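Colleague: The structure follows.
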Amino acid sequence: MSSLGIVFPQSMHFPEPLPLSSGASLSDYTLMYETYGTLNADKSNAVLICHALNASHHVAGMYERADGGKNVGWWDNMVGPGKPVDTDRFFVIGVNNPGSCFGSTGPMHTNPATGKPYGADFPVVTVEDWVRAQARLADALGIQQFAAVMGGSLGGMQALSWSMLFPERLRHCVVIASTPKLSAQNIAFNDVARQAILTDPDFHGGHYYEHGVVPKRGLRVARMVGHITYLSDDSMAEKFGRGLRNGDYQFGYGIDFEIESYLRYQGDKFSEYFDANTYLLITKALDYFDPARAHGDDLSKALACTKADFLLASFTTDWRFSPERSREIVQALVNNKRRVTYAEIDAPHGHDAFLLEDLRYMNVVRAYYNRIWQGISEGGRA
Amino acid sequence: MNFRELIKLRPDLAFIAHWVRNGSEVLDLGCGDGVMLEYLQSDKQCLGYGVEIDDDKIPLCVNRGVAVIQQDLESGLAMFADNAFDMVLCLSALQMMKNVEGVLRDIARVGREAIVSFPNFAYWPHRVSLLRGRMPVSKSLPYEWYDTPNLRCATIKDFEELANKAGLEVLECIALHEGKPVSVLPNWRGSLAVFRLRKKIAA
């Protein structure tokens, strides 16, 4: 399958303050983004892709790394020419959220109030804050209404939030492997991850940049915990089982099992490129997302204002954001008589399945975007 | 899709479609590729949802512009509120259910009216087959006994009793063959049993 080839990120500065859910505000900020495909004359073919915890605006195509290697976008199997979200048809935008560590204004950048890096003083941001920031990017790009806003996991929360905050600004809302709110278990895992970071001696209350250190140990454990929740018991058993790294027990606390080796490797890799303050911020945004809360815990009421058509998909072995959570959203949409399609994919890979290439999943998304495209080419609302 | 196209594609569905009033809110259980809902939406301005379990059918429904929800009917219709639909369709799907009575009760709960169809086991070639000592294999029951998804074999006479028990009143019962109603000896000559039902009002 063809690819977008080499792509380049862009940035846009927003000088006006962004008011936040917490009551604080970001005085000014920069958003990193990438675009693929061409915006049509009436600007009706734009698709916004929202990223999850550890991802960025680099959705598809690739960067050429200094060492000659390729850094492929995180949803390259989904977005590109001839792919389910076909960039020969759609103008696709990937955007990096404020608070992230991939170039948009975040805790490692200079706080204009102090002249020093924000660190722990970077305001806590919510999914809704991100969506409002994204809407300003859409304004600047002249996009009044998206053909679709789409995301998986935390990205799905943003897509869902778009449908409620800006009902007129999207015709379709595509929510993959997501949830209307985190469970107590989800929050518990997030807090274990946060505690690992907060108690790392190199954390320095979030101002580790000034000390020239990085709370790598905490970040590493945080990632290891997170990673466990992305996989299913079955996929771990199949991939690693009780396989031993060195053929026999070592009777020590080094690496015995393959799964230990894998998780430590993932943790190490992550702690090299991810920022600890960003991890704290994003897990909080996850924990706080609960649009029904302002409506007496009634999700149907929260979604009553939506106007978009919806596609939801979940994966049977995803125990992080299980199919039940997606069904709650579908049920609330059905209560509101919204047009909603829901696919429940019987895939073995757990939460990670939303990033993998499963033909059943891809075919549903492809068919859905075909319909969106028909609506655009017929000049009407599909 | 218009009526001519539906008749060509599925004469049985075309016959059933005339029972669905314009503008109805419709739930189609076991909607398959979504052809019935596509027709009802485009020609009769119905608002509808399909429910289907088969992975391969979901993209086909999407292609037809049908809002389909992938779900096993056996796990219940908790997704749908009481009396949410004017019409619930369950066409050639009920015979595949383990808990037929449970599904019928759910149909009675979420819908005001329903149309249920299933292959008539008492269709005369099936009877002949059994008299010869073999399980019937026909156009309406195209499977061998060991690979059939049809767990339940029912006749037109059998069904009314269960429908009543599940809270549904039979308004009309038609036997179809090749999409055309059979009026003489329907339980012999009809290969597809079609029931039009209404939720019983508690006295």
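The values are calculated or read from the model by the stated rules, or taken from the named source; none is laboratory data. Computed from a prediction, not measured in an experiment: that's the story for all the values here. FYI the Cβ positions are ideal-geometry reconstructions off the backbone, even for glycines, and counts take in every protein chain you see. Accessible surface areas use protein heavy atoms only, side chains included; no ligands, DNA or RNA. Shrake-Rupley method; radii C 1.70, N 1.55, O 1.52, S 1.80 Å.
Matching residues to (1) at pLDDT 95 or above; (2) open to solvent by less than 10 Å² (accessible area, probe 1.4 Å); (3) under 17 Å from A:CYS173 (Cα atoms); (4) of a type outside the set (D, E, K, R):
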| residue | (1), (2), (3), (4) |
| --- | --- |
| A:SER235 | no, no, no, yes |
| A:GLY252 | no, no, no, yes |
| A:LYS301 | yes, no, no, no |
| A:ALA308 | yes, yes, yes, yes |
| A:THR316 | yes, no, no, yes |
| A:ARG325 | yes, no, yes, no |
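Colleague: Here is a follow-up. Note down all Cβ pairs under 6 Å where the first residue falls in the range A:120-138 and is of a type in the set (D, E, K, R), the second is part of a helix (DSSP H, G or I), and they're at least six residues apart or on different chains.
Modeller: Pairs that qualify, where the first residue is of a type in the set (D, E, K, R) and the partner is part of a helix (DSSP H, G or I), are A:GLU128/A:SER161.
Colleague: Go through (1) within 29 Å of B:CYS153 (Cα to Cα); (2) within 12 Å of chain A (Cβ to nearest Cβ); (3) aliphatic (A, V, I, L, M); (4) not in a loop (DSSP other than H, G, I, E, B) for B:VAL62 and report which single condition fails.
Modeller: Looking at each condition in turn, B:VAL62 falls short on (1).
Colleague: Which one is farthest from A:ASP352 (Cα to Cα) among residues in the range A:311-329 that are of a type in the set (Val, Ile, Thr) and in contact (Cβ under 8 Å) with a residue 40 or more places away in the chain?
Modeller: Taking the candidates together, the pick is A:ILE329.
Colleague: Here's something else I'd like to know. Find the residue count for the range A:366-382, including only residues that are of a type outside the set (S, T, N, Q), closer than 12 Å to B:VAL62 by Cα and either facing chain B (nearest Cβ under 9 Å) or open to solvent by 10 Å² or more (accessible area, probe 1.4 Å) (or both).
Modeller: 5
Colleague: Could you list, in sequence order, the residues of the range A:330-358 that are more than 7 Å from every other protein chain (Cβ to nearest Cβ) and either among the hydrophobic types (A, V, I, L, M, F, W, C) or free of Cβ contacts under 8 Å to residues at least 12 places away in the same chain (or both)?
Modeller: Correct list: A:ALA332, A:LEU333, A:ILE345, A:ALA347, A:ALA353, A:PHE354, A:LEU355, A:LEU356.
Colleague: Name the residue, out of B:GLU101, B:GLU113, that is in contact with a Lys or Arg (Cβ under 9 Å, 6 or more places away or on another chain), among the acidic types (Asp, Glu), farther than 30 Å from A:TYR368 by Cα and surrounded by fewer than 19 Cβ atoms within 10 Å (Cβ to Cβ).
Modeller: The match here is B:GLU101.
Colleague: Moving on to the next point. Of the residues in the range A:56-92, how many are open to solvent by 20 Å² or more (accessible area, probe 1.4 Å), farther than 12 Å from A:ILE6 by Cβ and charged (D, E, K, R)?
Modeller: Final tally of qualifying residues: 5.
Colleague: So, one more: If I ask for residues that are open to solvent by less than 40 Å² (accessible area, probe 1.4 Å) and over 21 Å from the mean Cα position of the chain (by Cα), which ones from the range A:1-23 would you list?
Modeller: A:GLY5, A:PHE14
Colleague: Here's a follow-up. Quick check on the range B:73-94: of everything there that is assigned to a helix (DSSP H, G or I) and surrounded by 21 or more Cβ atoms within 10 Å (Cβ to Cβ), which residue is nearest to the other protein chains (Cβ to nearest Cβ)?
Modeller: Per the criteria, the residue is B:LEU73.
One line per residue, one yes/no per condition, for (1) among the charged types (D, E, K, R); (2) farther than 30 Å from A:ASN363 by Cα; (3) part of a loop (DSSP other than H, G, I, E, B):
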{"position": "A:LEU48", "(1), (2), (3)": "no, no, no"}
{"position": "A:LEU53", "(1), (2), (3)": "no, no, yes"}
{"position": "A:SER56", "(1), (2), (3)": "no, no, yes"}
{"position": "A:GLY82", "(1), (2), (3)": "no, no, yes"}
{"position": "A:THR105", "(1), (2), (3)": "no, yes, yes"}
{"position": "A:VAL125", "(1), (2), (3)": "no, yes, yes"}
{"position": "A:ASP129", "(1), (2), (3)": "yes, yes, no"}
{"position": "A:ALA138", "(1), (2), (3)": "no, no, no"}
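Colleague: Can you pull out the residues in the range B:125-167 that are more than 21 Å from the chain's Cα centre (by Cα) and among the hydrophobic types (A, V, I, L, M, F, W, C)?
Modeller: B:VAL128, B:LEU130, B:LEU131, B:MET135, B:TRP145 - these are the residues of the range B:125-167 that are more than 21 Å from the chain's Cα centre (by Cα) and among the hydrophobic types (A, V, I, L, M, F, W, C).
Colleague: Conditions: (1) closer than 20 Å to B:VAL20 by Cα; (2) crowded, with 19+ Cβ neighbours inside 10 Å. B:LEU171 meets all but one. Number of the miss?
Modeller: Every condition holds for B:LEU171 apart from (2).
Colleague: Out of all the residues in the range A:286-310, which are of a type in the set (Phe, Trp, Tyr) and either more than 26 Å from A:ARG194 (Cβ to Cβ) or without any contact (Cβ under 8 Å) to a residue 60 or more places away in the chain (or both)?
Modeller: A:PHE310, the sole residue that qualifies.
Colleague: Is it the case that the range B:2-16 has a residue that's open to solvent by 10 Å² or more (accessible area, probe 1.4 Å), touching a strand residue (DSSP E or B) at 6+ places or on another chain (Cβ under 8 Å), within 14 Å of chain A (Cβ to nearest Cβ) and closer than 26 Å to B:SER191 by Cβ?
Modeller: For the range B:2-16, residues open to solvent by 10 Å² or more (accessible area, probe 1.4 Å), touching a strand residue (DSSP E or B) at 6+ places or on another chain (Cβ under 8 Å), within 14 Å of chain A (Cβ to nearest Cβ) and closer than 26 Å to B:SER191 by Cβ: absent.
Colleague: Also, I was wondering about something else. How many residues, within the range B:33-58, are surrounded by fewer than 24 Cβ atoms within 10 Å (Cβ to Cβ) and over 18 Å from B:PHE85 (Cβ atoms)?
Modeller: 9
Colleague: List pairs: first residue in the range B:152-181 and β-branched (Val, Ile, Thr), second residue assigned to a helix (DSSP H, G or I) anywhere in the structure, Cβ distance under 7 angstrom, at least six positions apart or on different chains.
Modeller: That search, which allows pairs on different chains as well, returns B:THR155/B:ASN187; B:ILE156/B:PRO186; B:ILE156/B:ASN187; B:VAL170/B:GLU160; B:VAL170/B:ALA163.
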